[in-house]
Amino acid sequence: MSSTILWADDEIELLKPHILFLEEKGYKVITVTSGNDALDVVEENDLDIVFLDENMPGLSGLETLTQIKAKFPSLPIIMITKSEEESIMEEAIGSKISDYLIKPVNPKQILLTIKKNLDEKRLQNEKATVNYQQEFRQIGMRLNDRLDVEEWKELYRKIVFWDLELAKGDQGMEEVLQMQKKEANRAFARFVSDHYESWVNAKGDDAPVMAHNVFRRKIAPEISDEPMFLIVIDNLRYDQYLVLKPVLNRMFRVESESIYFSILPTATQYARNAFFAGMMPLEIQQKFPKYWLNDEDEGGKNKFESELLQEQLKSLGKNIRYSYNKITNLNAGKKLSDQLSNLENNQLNVIVYNFVDMLSHARTDMEVIRELADDEAAYRSLTLSWFEHSPLLDMMRQISERGHRMMLTTDHGTMHVDNPVRVVGDRNTSTNLRYKQGKNLSYDAGEVFEVSDPHRLKLPKTNVSSRYVFCRENDFFVYPNNQNYYVNYYRNTFQHGGVSLEEMMIPLASFRKRT
């Protein structure tokens, strides 16, 4: 179906060659010579785009533009003018024109503007599909190689890039990518099972950067007399970070950007305590037993992050002024945003923001959130919408305006699960859907990453026979009792705690004020 164009210009006869050129390209062109006639045509026709001369007798181009936009705000309007006055350009742009052209214009310039405004999304989607088809084979071949840590990071960046690109259009290719992502997670789970024990037992910097050493290796060296704000958004995946990044880029320039590994279980109790303590969960339990609660213990499992941070700073010889703030609701976020200037005398200000984790849980429990975020693209969109209207963004804007440094990271990601895996345990077995910890666990060993001796992975155990089992890929644990109900309830939800690219490969970025 051809697009319909309205072209309003009091010298329309001089533009006859342009009109014929567009009609030869298959476009239907309606021409008028005044702003009033343009308004009538807009009311009576289903238009795709409008070309509007700025300098017409009677109702001017800018006045016509204002009236059209008032009734049809999404209709693309291209302003054409002989004038190069900056004030006219600014007024037209302020009225939300789609493009601005200076006379004389040539036919190809007009065609490019039409394609940019009407066909841009389709052309970009087609290009993305062709490019991914070319890279599909290359990614598949890489999955058969023996990749190291840095190669896995690079491969994951590619997968996320294509996930974001293909989510904009071609559903068929998006399904192909999801199959390839599942294949990648299968290979990544084997990689983790082969190397994880050596990572957590490595001395010094021989291991990859992980949740228990990232503060020492990447954050502490950046602490100086200049104030720095460390933002930890709980449960922020790498792809979610990338959709927030354009907003951040308006305020900051990126100094550095990397991916590091969460620890297992990829759950807040383990990963974030390890982050602030600078040690693995077993080491926290042994050295600071008053700061550690096991899965079956009553009470909040992350109550002592400030104390653990203090102990880590002391062990690193960082005798500094610092603050720790945890935000768990809107009012607390607004209050901290209003008082942010009080933190400027500190060398380090840690802000833990829990919203994304709460969003993940809400999506499981609330039907309205399930409908708003029924797939990964919608989940990312919902995260972005929250961020753009959050007190956190206000805080970041203040940090930028005051010229302070900022680092942004998380403790773990989350996985979109849809495949149930059966497990049997006693009443003391942990309740998380992506990992189980307890004694007398019964499961199919071929379906999980099992850890029969947790101490070898520096994980605590509450009983001599305690073990951990972790879900891989997009699996989630269900009990045989009332299995159908729980399968239907938790399928297609976002969970964390297990082994996957999405849960373990997480962002760390450093920012400075944009100059």
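The values are calculated or read from the model by the stated rules, or taken from the named source; none is laboratory data. The shown structure was predicted, so the numbers you read here are calculated from the model rather than taken from an experiment. Glycine also receives a Cβ, built like all others from the backbone with ideal geometry; neighbour counts cover every protein chain displayed.
Contact list please: Cβ distance under 7 Å, first residue in segment 230-255 and over 17 Å from Phe355 (Cβ atoms), second residue in a loop (DSSP other than H, G, I, E, B), pairs at least six apart or on different chains. Note: pairs meeting the criteria are Tyr238/Gly413; Met251/Arg514; Phe252/Arg514; Arg253/Arg514. Of the set (1) of a type in the set (S, T, N, Q); (2) touching a helix residue (DSSP H, G or I) at 6+ places or on another chain (Cβ under 7 Å); (3) surrounded by fewer than 19 Cβ atoms within 10 Å (Cβ to Cβ), all apply to Thr414 but (3).
Going by what's in this entry, would Arg272 be described as under 27 Å from Asn463 (Cβ atoms), buried (at least 22 other Cβ atoms within 10 Å of the Cβ) and out of contact with any Cys (no Cβ under 7 Å at 6 or more places or on another chain)? Here the answer is yes, as Arg272 does meet what is asked. How many residues are modelled with pLDDT of 95 or more, under 23 Å from His212 (Cα atoms) and part of a strand (DSSP E or B) if we restrict to segment 469-503? Count: 4. Here Leu282, Leu264, Leu293 are screened, and the one residue that is hydrophobic (A, V, I, L, M, F, W, C), under 30 Å from Glu473 (Cβ atoms) and free of Cβ contacts under 8 Å to residues at least 40 places away in the same chain is Leu293. Residues in segment 1-30 that are in contact with an Asp or Glu (Cβ under 8 Å, 6 or more places away or on another chain) and outside any helix (DSSP H, G or I): Ser3, Thr4, Ile5, Ala8, Asp9, Asp10, Glu11, Val29. When you look at Thr81, is it within 20 Å of Asn106 (Cβ to Cβ), among the hydroxyl-bearing types (Ser, Thr, Tyr), surrounded by 15 or more Cβ atoms within 10 Å (Cβ to Cβ) and at pLDDT below 85, yes or no? It is true that Thr81 is within 20 Å of Asn106 (Cβ to Cβ), among the hydroxyl-bearing types (Ser, Thr, Tyr), surrounded by 15 or more Cβ atoms within 10 Å (Cβ to Cβ) and at pLDDT below 85.
Residue by residue, here is whether (1) outside any strand (DSSP E or B); (2) at pLDDT below 85; (3) within 24 Å of His18 (Cβ to Cβ) holds:
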| residue | (1), (2), (3) |
| --- | --- |
| Ala92 | yes, yes, yes |
| Ile97 | yes, yes, yes |
| Leu112 | yes, no, yes |
| Gly140 | yes, no, no |
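If you go through segment 387-403 and keep only what is surrounded by 16 or more Cβ atoms within 10 Å (Cβ to Cβ) and either free of Cβ contacts under 8 Å to residues at least 40 places away in the same chain or in contact with a strand residue (DSSP E or B) (Cβ under 6 Å, 6 or more places away or on another chain) (or both), you end up with Leu392, Ile399, Ser400.
Of the residues making up segment 394-409, those that are among the aliphatic types (A, V, I, L, M) and either at pLDDT below 95 or more than 18 Å from Asn235 (Cα to Cα) (or both) are Met395, Met396, Ile399, Met406. Of all residues in segment 198-216, those satisfying the criterion of being surrounded by 15 or more Cβ atoms within 10 Å (Cβ to Cβ) and either over 26 Å from the mean Cα position of the chain (by Cα) or not in a loop (DSSP other than H, G, I, E, B) (or both) are Trp199, Val200, Ala207, Met210, Val214, Phe215, Arg216. Against the definition (surrounded by fewer than 23 Cβ atoms within 10 Å (Cβ to Cβ), over 24 Å from Tyr196 (Cα atoms) and more than 27 Å from the chain's Cα centre (by Cα)), how does Lys287 come out, yes or no? No.
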